Each structure stands twice: as C-alpha cells, then as structure tokens.
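The values are calculated or read from the model by the stated rules, or taken from the named source; none is laboratory data. All values derive from a computational prediction rather than experimental measurement. Don't worry about glycine lacking a Cβ; one is built from the backbone with ideal geometry, like all the others, and counts go over all protein chains shown.
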Amino acid sequence: MVELLAEYGLFLAKAITVVVAVLFVVGGILSSSSRGRVEHSGNIKVTHLNETYEEMTDVLNATVLSKDELKDKDKAQKKKDKDDKKALKKNKSEDDPVKKRIFVLDFDGDVAAAGVEALGTEITAVLTLATKDDEIVLRLESPGGQVHAYGLAASQLSRIVDKKIPFTACVDKVAASGGYMMACIADKIVAAPFSILGSVGVVAELPNFNKIIKKYDVDYDVYTAGAFKRTVTMLGENTEAGKAKFVEELESTHVLFKTLVADNRPQLKIEEIATGEHWYGSQAKDLGLVDELKTSDDYLFDASKDADIYEVSFQEKQTIADKLGFAAEKAATRTLTRWWGNITSNHNRIV
C-alpha cells in the first residue's frame, strides 16, 4: 500500500511539473510578445460602502419581512427621502457643512511589507481629494518585518498627518513591531479586544555554520574595506567585536523605534512598553497603546450613519503571464493538498 501511494505521488509530481512547465513557456511567449507596449501598472478602485450596507439590509428585509411589511417600509422610506430632500433644499446655504467623507484603506503586511507601494499610491489618490473635514481609516494587519520596509510604510502614513487630515488606524487581529510602528502614526487607534499590539523591539536571528565548514576543511574568506563592513555572517567565524557591533546596531534601531512611538503617542510611558512584549487589545488600552476597543466593522458601520464611506484600493494590472503563473501555482497546490489529504484522512483528527 505504501509503495502504491509513493508511486502515485511520484506520478502526480511529474504531471504537475509538466503542466507548470508548459504554462510558464506559454506565459513567457505571451509576455515577450507584449513587450514594447506601454500599459498602466494598475488602477484605483473605489467602493461606496454605504451602498453595500444598504444592499445587505435590503436582502435581509426581502427574506424576513412579509409583503405588506415590505410595502409599508418602502412607503415610509420614500416619504423620509422626500422630506429629507425638501428640508435640505429649504435650509441649503453656502455656509452649510459638507457631509463628512471617510476613505478606507487596507494594509495586510508581510515580512517585507510588500504592499507599501500600493499603499503609497492609494494615499496619493486620496490626498488629491480629502480635506480636513474628512477622515482616512486604515484597516491594518501586520506582525512586522524588515525595519527599512516598515519605516517607509510609516513615512507614507505620515503624509496623511502632515496634511492635517484626521487619521484612524483599525486593528482587528495584529499590529505588532513594524505593524505598531505604522499604527502609532494615526491620530486614533481602534482595536478589537483580542487583537495583538505592541512588540516595540528589534530582533535578528541567524545560524552560523562555521564549525561545520571547519570540520570538512573548507575555507571561507570575507574581504572587506572598513572595520565593520561585515559584523556577523552565517559562514565565517564571528568575532566578539563583530557581535558587539551588531548588537549596538540593534540597540540603535530600537532607539529610533522608541523615539517614533514616543513622538506620536506622548501619553505612553515609553520605557514600560518598549520591552518587545505584546498585549491583547483590552490590555493595550489600559497601557495607552490604543484609544478605543471596537472592530473595524463596528467602527465603519456606526460612522456610515453620518458619513459617506469610500473603500479605496489599488489593483495592480496582471499580465497574461502573471495570471498563468498564478493559475499554475494554485492548481499545483490544490492537487498536492488533495493527495496529502487522501493519505492522512484516516490518521488525523481534530480534538
């Protein structure tokens, strides 16, 4: 039985390899044929969330209410709309305040903060229209990552603050380390009770294989100009001076991180929260890391009663080669998952 499964797995692997290879070849040909043509890299998509909420309500009403109740409700709504329009026309003047607009952005960050370019484009688009009477909301999810990448993301968000536009960061799951570096830029941080926040610290990990290299009499030479051009390596023999310098660089980065947080949230006792620890939303509120406990869904739905809410996203244009590559990856993943599931279905249980 085991031999049969192994042969079946080998056959599947070969088949998937052939399919992926064909797709990549076709994608390469199509990509080459499209070279030289100037195309837009993507476009901005805007969704009016108020309409989305209204559609949800209409669907539920149509299912739950009787025909007579729906008729009465529709009649009452038309009367309200008519009265509101009449009152607006009667009281309209040049000094009347314009209805508030809320522009919603999303950032789901990985280690490299790969979405920072799209975020920058979205911010640029919104800043062409938003005023001090509006608000920008960032739905933020990130466990952090590379210092320079998240430093750039925080700098992009600072553009909103520099324009004096009210800025709110909403965290439903996690905004830790680099994620909190971004969140702290906001005028207000709203977090779900069990979201994870904080981790104001810096970490670096790397293995060292120098002992293995020596064991097999392999030489590994590093040539540098400058005493600390290279501090620690994975293959060379790390010196105490190099290690000390590396730690010094980490400490320096930590100081920059703490300064950024302290400047944007001066109410914090920075030395107490900059230990690298993280906290859940309710704990973070007690420490001053967040201002309000609420999910982003609640925050936006409540706001929709008095404001027009627009979800803004940058959608990168995919070439045919990109689509084929994605399709190949998805097909391969699905096939392997099914195969592995068939093998382990009789052995794995959730308890």
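If you check Glu69, Glu94, which single one turns out to be among the acidic types (Asp, Glu) and modelled with pLDDT of 80 or more? Working first, answer last.
Values: Glu94 fails: modelled with pLDDT of 80 or more.
Exactly one residue qualifies, and that residue is Glu69.
Every residue, every condition in (1) modelled with pLDDT of 95 or more; (2) surrounded by fewer than 15 Cβ atoms within 10 Å (Cβ to Cβ); (3) of a type outside the set (Asp, Glu); (4) farther than 23 Å from Ala154 by Cα, yes or no:
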{"site": "Asp187", "(1), (2), (3), (4)": "yes, no, no, no"}
{"site": "Ala192", "(1), (2), (3), (4)": "yes, no, yes, no"}
{"site": "Ile213", "(1), (2), (3), (4)": "no, no, yes, yes"}
{"site": "Val222", "(1), (2), (3), (4)": "no, yes, yes, yes"}
{"site": "Asn238", "(1), (2), (3), (4)": "no, no, yes, yes"}
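State yes or no: is Val161 modelled with pLDDT of 95 or more, of a type outside the set (Lys, Arg) and crowded, with 17+ Cβ neighbours inside 10 Å?
Working: modelled with pLDDT of 95 or more: yes; of a type outside the set (Lys, Arg): yes; crowded, with 17+ Cβ neighbours inside 10 Å: no.
No.
In this structure, does Gly242 turn out to be in a loop (DSSP other than H, G, I, E, B) and of a type outside the set (Val, Ile, Thr)?
Considered against the rule, which asks whether it is in a loop (DSSP other than H, G, I, E, B) and of a type outside the set (Val, Ile, Thr), Gly242 comes out as no.
For the condition closer than 19 Å to Ile273 by Cα and either free of Cβ contacts under 8 Å to residues at least 24 places away in the same chain or more than 11 Å from the chain's Cα centre (by Cα) (or both), what is the one hit in Val137, Val126, Val190? Step through it out loud before you land on a result.
On the way: Val137 fails: closer than 19 Å to Ile273 by Cα; Val126 fails: closer than 19 Å to Ile273 by Cα.
After applying the criteria, what remains is Val190.
What about Phe246, is it closer than 30 Å to Ala274 by Cα, out of contact with any helix residue (DSSP H, G or I) (no Cβ under 9 Å at 6 or more places or on another chain) and surrounded by 11 or more Cβ atoms within 10 Å (Cβ to Cβ)? Before the answer, list the steps.
Working: closer than 30 Å to Ala274 by Cα: yes; out of contact with any helix residue (DSSP H, G or I) (no Cβ under 9 Å at 6 or more places or on another chain): yes; surrounded by 11 or more Cβ atoms within 10 Å (Cβ to Cβ): yes.
Yes, satisfied.
Let me spell it out: the conditions are (1) at pLDDT below 55; (2) of a type outside the set (A, V, I, L, M, F, W, C); (3) under 29 Å from the mean Cα position of the chain (by Cα); (4) assigned to a helix (DSSP H, G or I), and Ser32 meets all of them except one. Which number is the exception?
Unmet condition: (3).
Determine which member of the set Thr259, Thr231, Thr224 is assigned to a loop (DSSP other than H, G, I, E, B), among the β-branched types (Val, Ile, Thr) and under 23 Å from Ala149 (Cα atoms).
Thr231
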